[in-house]
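FYI, it's all coordinate maths here, none of it is from the lab. What you see is a predicted model, and the numbers here were worked out from it, not measured in a lab. Don't worry about glycine lacking a Cβ; one is built from the backbone with ideal geometry, like all the others, and counts go over all protein chains shown.
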C-alpha cells in the first residue's frame, strides 16, 4: 500500500500548537470547489438527530461492523466530505459511514478558546451519534474511526487526543495537527491506535510543518501511522488512497 508506516508521540497539555488556532488559521478554511455545492447530500439513512448512516454492501444488523465518522471542513458538512468517497465506499465496503449532523465555519477556530469549545462540541456530538447508532446498526465499539479534511482533519486529530479511549484510529487530511492533550497520546499508544496522515505535496508550510511535528510525536510515543503525500496543495486524498487508509486505521491494513 502507498505511504510509509511508522510509530510515535508524548503530549504536553490541552492546548493548540503555537499559532495553530488564531485568526491566522484561516489557512484551515476550505470550501468545496464551485459546482460541488449542488451535488447530493442525501446519502444513506436519515436518522432522527439528522445523522446519515451509509451501510456497506452486505450489511446485516447482527454485526459487529467497523464504522468511520466523517467530519466537516470549513463551511461544509460531513456529507460534503463523504461524497468524494461515496462511489468507492459502495464498491469497497468494509465499514459503516456515519455522517453526523452539523456544519462548521471560520468562527469555529477564530481563537484558541473558540477552537477548544468547537472540539468539545464535536466530541459530544460524535459520542452521542456513535452511542445511538452502535446498537441500531450493529457497530463494533472497538473499531470506530474518524476521518476529516482541513478543519475536519484538525477535529479528527483533536478528538483522537481528547477521547483516546473512544476510537481506534483516524484519517487526518490537510491538517496542522495542532491540538495537544495532557495524557491523550500515551493512552493512544497503549491502545494500539493508528493514524493515517495525508497531505498535499505542495501544502502550506504551516500545515506541512504541523503534520511533520505530529509525526515526530507519534514516532516518540510508538504509535503506528501511515504518511503519504498527494499531488497538489490543499487537497483531499483520492478515493483509492482513502479506502486503503480506512483499512489501515480499522486494523485491516498492514502494520509494518
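Quick check on the range 37-120: of the DSSP beta bridges with both residues there, what percent are antiparallel, nearest 5%? Could you put the intermediate results ahead of the total?
Working: 6 of 9 bridges.
Taking every DSSP beta bridge with both residues in the range 37-120, the antiparallel ones total about 65 percent.
Which value, in Å to one decimal place, does the Kirkwood hydrodynamic radius take for the range 48-160 when every pair of different Cα atoms is included? Could the numbers behind the result be given before it?
On the way: mean 1/r = 0.0703 Å⁻¹.
Kirkwood hydrodynamic radius for the range 48-160: 14.2 Å.
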Fill in the blank from the handout: Rounded to one decimal in Å, the inverse mean reciprocal Cα-Cα distance for the range 124-171, i.e. its Kirkwood radius, is 11.0
Problem - With eigenvalues of the C-alpha gyration tensor scaled by 5 and rooted, the range 119-254, Å - result: 23, 16, 15
Practice task
Take the alpha-carbon positions of the range 203-248, form their convex hull, and give its projected area averaged over all directions (one quarter of the hull surface) in nm².
Solution key: 3.4
Problem - Order of 167, 85 - criterion: other Cβ atoms within 10 Å of each residue's Cβ, fewest first - result: 85, 167
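Taking the highest mean first, how do the peptides 145-152, 49-56, 240-247 order by number of other beta carbon atoms within 10 angstrom per residue?
145-152, 240-247, 49-56
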Completion exercise
Expressed in angstrom, Rg and Dmax over the Cα atoms of the range 145-185 are 9.1, 24
Problem - Hull volume in cubic angstrom per residue (convex hull over the Cα atoms of the range 42-98) - result: 83
